[in-house]
Amino acid sequence: NAGVIQTPRHKVTGKGQEATLWCEPISGHSAVFWYRQTIVQGLEFLTYFRNQAPIDDSGMPKERFSAQMPNQSHSTLKIQSTQPQDSAVYLCASSLAQGGDTQYFGPGTRLLVL
Amino acid sequence: AQKVTQTQTSISVMEKTTVTMDCVYETQDSSYFLFWYKQTASGEIVFLIRQDSYKKENATVGHYSLNFQKPKSSIGLIITATQIEDSAVYFCAMREGRGSALGRLHFGAGTQLIVIP
């Protein structure tokens, strides 16, 4: 089975541009999570979906960040008007739907905002 | 508030020895799940082992085992017979069992393990 797929693996944008990150969860997994990793903040939760419905977006910056899950096979994280402080590795994880199920991570998208 | 603390920033050990990495957590929930992940040099985050709070027996998978001390809110990771390829950053994480924060993982800061040949 393929693991979690994230594209692109690397993205460089100019300040003020838009960035869209894609995630394809493991087949059969109905929960999808987005995290962000930086040297300073470590691994931070952003948002998650269960059965395509948004469940918790309390970790998302209030402005410029949005996430969607239009179907069970992919989720997107969109950052509008990117800023240098958005530079990070964005990680997607998926799991089965039960609360205690293990999350499996994708390889991440390294975003660099110049 | 939920919190996961790893106080060891970096540990160096000789190959084929045993190492223990510490992790303490805070939660108000009576039901929770504890995980250890490994982040390799390429950045890949790999699940290693988990402990469910209601289970008394320490989990073991291959050469990974856990030292779960519930009264101390502690979940140590033990790696026996370490190998060069165990060199990585190890993250402890907690997921609560109930409530609106059901899904998210709370991570510690990570411990870098260096295995010396």
Out of the stretch B:1-33, which residues are among the aliphatic types (A, V, I, L, M) and at pLDDT 95 or above? B:V4, B:I11, B:V13, B:M14, B:V19, B:M21, B:V24
Being free of Cβ contacts under 8 Å to residues at least 60 places away in the same chain, exposed (fewer than 15 other Cβ atoms within 10 Å of the Cβ) and under 23 Å from B:R95 (Cα atoms) is the requirement here; does A:P70 meet it? no
Could you check, for the stretch A:47-62, whether at least one of its residues is within 14 Å of the chain's Cα centre (by Cα), among the polar types (S, T, N, Q), within 28 Å of B:Y90 (Cβ to Cβ) and at pLDDT below 95? yes
Report, ordered by the first and then the second residue, all pairs with beta carbons closer than 6 Å, sequence separation of six or more or different chains, a first member in the stretch A:31-54 that is more than 10 Å from every other protein chain (Cβ to nearest Cβ), and a second member that is among the acidic types (D, E). A:R36/A:E44
Members of the stretch A:96-114 found to be aliphatic (A, V, I, L, M), within 14 Å of chain B (Cβ to nearest Cβ) and assigned to a loop (DSSP other than H, G, I, E, B), listed by number: A:L96, A:A97
Would you check which residues across the stretch B:53-65 are out of contact with any helix residue (DSSP H, G or I) (no Cβ under 9 Å at 6 or more places or on another chain) and surrounded by 15 or more Cβ atoms within 10 Å (Cβ to Cβ) and list them? B:N58, B:A59, B:Y64, B:S65
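Looking at the stretch B:1-26, which of its residues are within 16 Å of B:S73 (Cβ to Cβ) and outside any loop (DSSP other than H, G, I, E, B)? Walk me through how you get there before you give the answer.
Applying the first criterion (within 16 Å of B:S73 (Cβ to Cβ)) to the stretch B:1-26 yields B:1-7, B:21-26.
B:K3, B:V4, B:T5, B:M21, B:V24, B:Y25, B:E26, listed by residue number.
Outside any loop (DSSP other than H, G, I, E, B), of a type in the set (G, A, S) and at the interface with chain B (Cβ under 9 Å from one of its Cβ atoms): which single residue out of A:A93, A:A67 fits that description?
A:A93
Which one is farthest from A:S30 (Cα to Cα) among residues in the stretch A:70-90 that are of a type in the set (G, A, S) and away from chain B (no Cβ under 13 Å)?
Filtering the stretch A:70-90 down to residues of a type in the set (G, A, S) leaves A:73, A:75, A:81, A:87-88.
If we keep only those that are away from chain B (no Cβ under 13 Å) too, we end up with A:73, A:75, A:81, A:87.
Numbers: A:S73: 9, A:S75: 11, A:S81: 30, A:S87: 28 Å.
Among those that are of a type in the set (G, A, S) and away from chain B (no Cβ under 13 Å), it is A:S81.
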Screening A:R36, A:R110, A:R64 for residues that are in contact with an Asp or Glu (Cβ under 7 Å, 6 or more places away or on another chain) and not β-branched (V, I, T) leaves only A:R36
B:Q51 fails exactly one of (1) assigned to a strand (DSSP E or B); (2) polar (S, T, N, Q); (3) free of Cβ contacts under 8 Å to residues at least 24 places away in the same chain, namely (3)
Within the stretch B:27-40, take every residue that is outside any loop (DSSP other than H, G, I, E, B) and within 21 Å of B:K56 (Cβ to Cβ) and give me the one that is nearest to the other protein chains (Cβ to nearest Cβ). B:F33
Which of the residues spanning the stretch B:74-96 are outside any strand (DSSP E or B) and surrounded by fewer than 18 Cβ atoms within 10 Å (Cβ to Cβ)? B:T80, B:A81, B:Q83, B:I84, B:E85
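The values are calculated or read from the model by the stated rules, or taken from the named source; none is laboratory data. Just so it is clear, the structure is predicted and the values come from calculations on it, not from any experiment. When we count neighbours, we look across all protein chains shown, and the Cβ atoms used for this are built from the backbone with ideal geometry, even at glycine.
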